[in-house]
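Okay, structure first, notes after.
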Amino acid sequence: MTSDIEPFLKEFFRQVSDQPLGPDDSRYIPIYEDPCSSGDDPVDLMARAIEWTPGESVQLLSGFRGAGKSTELARLRRRLEDRGYTVFLCDIEDYINLSVPVDISDFLMAISGAFSDAIAVSGLAASQPSIQTYWGRLSSFLKRIKFEDVSAAIDVDAGPVSIQANLKNDPSFKDRLQQHMSGHIGALVKDVRDYLQCCVTHLRANEDSPHEVVLLVDSIEHFRGTLVNASDVQGSVETLFVSHAEKLHLPHIHVVYTVPPYLKVRYNNLGALYSPGGVHVLPALKLDDAGYDAMKRVAVARGDWQRLLGCRSLLDRLIGYSGGHLRDLLRLLAEVIRRANSLPVTEETVTAAIDQLRTEFLPIADDDAQWLAEISRTHQTALPSTEQLPVLARFLDTHLTLCYRNGEEWYDVHPLISEYVANQVNTHTRRE
């Protein structure tokens, strides 16, 4: 590599790194605002449901990791703030362990703590000193219901932050808390609702605050568990958003929760529990002419792809193998940049980058390949039985299967593995 191209490659590599973008970032491309490339704009739909529903509402935002949910939440926040709403955006991953089953009790504690912290960070609490932090209130609540394990695990009087840290980082503490709270869910729900309503009342008393409050809760879709407990974690998320749907409505607050794509698959007609807003899905981009053009704009915003690739055909090849998934296009570009020794890169370099990402999807079990082939053939989930839902959830979560929307939702196998899956099924059939 010559010294004159290394700075270019280094900067381009940094620009394609995967990170949420604000709507004012020069790298942000408003893909979902363009009806030609994505159909309905989910931000517009969510904003209308909030603006046209007085007082409070609940909506769910779903999509694959890397589809841009965090970025679109930031766009929603800006739109609502421009229209006079007080909007708090929090990351649930800062408050709860996403690799173990979740319970309504620790989830409500995490949401209330996140809301409390967001108010403090905003500076609005400074003008309303009567707003108590939730962690202090939680300390009092745990004492009141005589949760004796608290004193053994942490010193409640020493600091509410310890409760927050143990809720996220100490699975044994969380398990004991869940077990004890099973007999006090009603009391917890009432305490949480009283606290949140008190916060909203004080915020509205501030002349500089608008009359509507919005809470955007990100990263819930990261609940996935491990190979050992994935089914239990997915089941707990389903229980949370189905059996406890009513408890997730917060008094006088408009809420948007991000949820994993498998939740919509695991429970039919999920949106009926969250009307009038319902469930909004960020799909992969359908790779027609408009889709290719949108993905090209994503590449242009990150760097000089022509200097890197030399010709449009190589960029289109990368776009095609991305399946219309934004993160996978950025990963492919990063892999090409990492392997570049001259400019423009050779076709062999592009092929090597594609092969590298393909290996990350492999190997695929024969049973999975058979199912994936059926998805590719029918463009439906081809779900054989409800017992197989965890497997389908894994397909969606790992991008083996992508979801698209043009009018109605449809599914396809990720292009990086579609040919491999077909060959594996043919080989298996001949062997049988």
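The values are calculated or read from the model by the stated rules, or taken from the named source; none is laboratory data. Nothing here was measured: the structure is a model prediction, and the numbers come from that model. All Cβ positions, glycine included, derive from the backbone under ideal geometry; neighbour counts span all protein chains shown. Side chains are part of the model used for accessible areas, which takes the heavy atoms of the whole protein and leaves out ligands, DNA and RNA. Shrake-Rupley method; radii C 1.70, N 1.55, O 1.52, S 1.80 Å.
Considering the chain at the alpha-carbon level, its Rg and Dmax are found to be 23.7, 75 Å. Between helix 289-302 and the chain there is an angle of about 70 degrees, using the helix long axis and the longest principal axis of the Cα atoms. Looking at the square roots a ≥ b ≥ c of the eigenvalues of the Cα gyration tensor of the stretch 1-99, which shape do they give, rounded for a/c under 1.5, prolate if a/b is larger than b/c, or oblate? It is prolate, given that a/c is not under 1.5 and a/b is the larger ratio.
Find the relative contact order for the stretch 73-133 and round it to a whole percent, using C-alpha pairs within less than 8 Å whose residues are 6+ positions apart. So the answer I get is 27 percent. Anisotropy class assigned to the stretch 176-291 is oblate, per the alpha carbon gyration tensor with a/c at or over the 1.5 cut-off and a/b no larger than b/c. For PRO384, neighbours were defined as the other residues whose beta-carbon sits under 12 Å from its Cβ, and their charges (Lys and Arg +1, Asp and Glu -1) total -3.
Note on the chain: antiparallel DSSP beta bridges, both residues inside, total approximately 20 percent of the bridges counted.
Contact order for the chain, expressed relative to its length and based on alpha carbon pairs under 8 Å spaced 6+ residues apart, stands at 24 percent. Computed over the stretch 258-394, relative contact order equals 24 percent, with contacts defined as Cα pairs under 8 Å that lie 6+ residues apart.
When both the stretch 45-84 and the stretch 404-424 are represented by their alpha-carbon centers, they are found 29 Å apart. Note on the chain: helix-only mean residue ellipticity at 222 nm, from DSSP H runs of 4+ residues weighted -39500 (n - 2.57) and normalised by residue number, equals -16500 deg cm²/dmol. Accessible surface ranking for CYS90, CYS198, 1.4 angstrom probe, highest first: CYS198, CYS90. When the square roots of the Cα gyration tensor eigenvalues are ordered a ≥ b ≥ c, the ratio a/c for the stretch 67-136 is 1.5 or more and a/b does not exceed b/c, which makes its shape oblate. Cross-link check: pairs LYS10/LYS286; LYS10/LYS296; LYS174/LYS247; LYS143/LYS190; LYS143/LYS168 evaluated at a Cα-Cα cut-off of 22 Å; pairs beyond the cut-off: LYS10/LYS286. Restricting the GluC sites (Glu not before Pro) of the stretch 348-411 to loop positions (DSSP other than H, G, I, E, B) with no more than 13 neighbouring Cβ atoms within 10 Å leaves GLU360.
Around the amide H of GLN59, modelled in the peptide plane, lie the amide H atoms of VAL255, VAL256, TYR257, all under 5 Å away and 5 or more residues distant in sequence or on another chain. For the set TRP305, TRP410, TRP52, the ranking by accessible area, highest first and with no ligand, DNA or RNA atoms included, is TRP52, TRP410, TRP305 under a 1.4 Å probe. Exposure check, 1.4 Å probe, all protein chains in place: THR133 carries approximately 70 Å² of accessible surface. How far is helix 6-15 tilted off the main Cα axis of the chain, in degrees rounded to 10, range 0 to 90? That helix lies at roughly 50 degrees to the long axis. When each of the peptides 243-256, 108-121 is scored by how many other beta carbons lie within 10 Å of its residues on average, the order from highest to lowest is 108-121, 243-256. Packing here is the average count of other Cβ atoms within 10 Å per residue, and on that basis the peptides 283-289, 257-263, 186-192, 15-21, highest first, run 257-263, 283-289, 186-192, 15-21.
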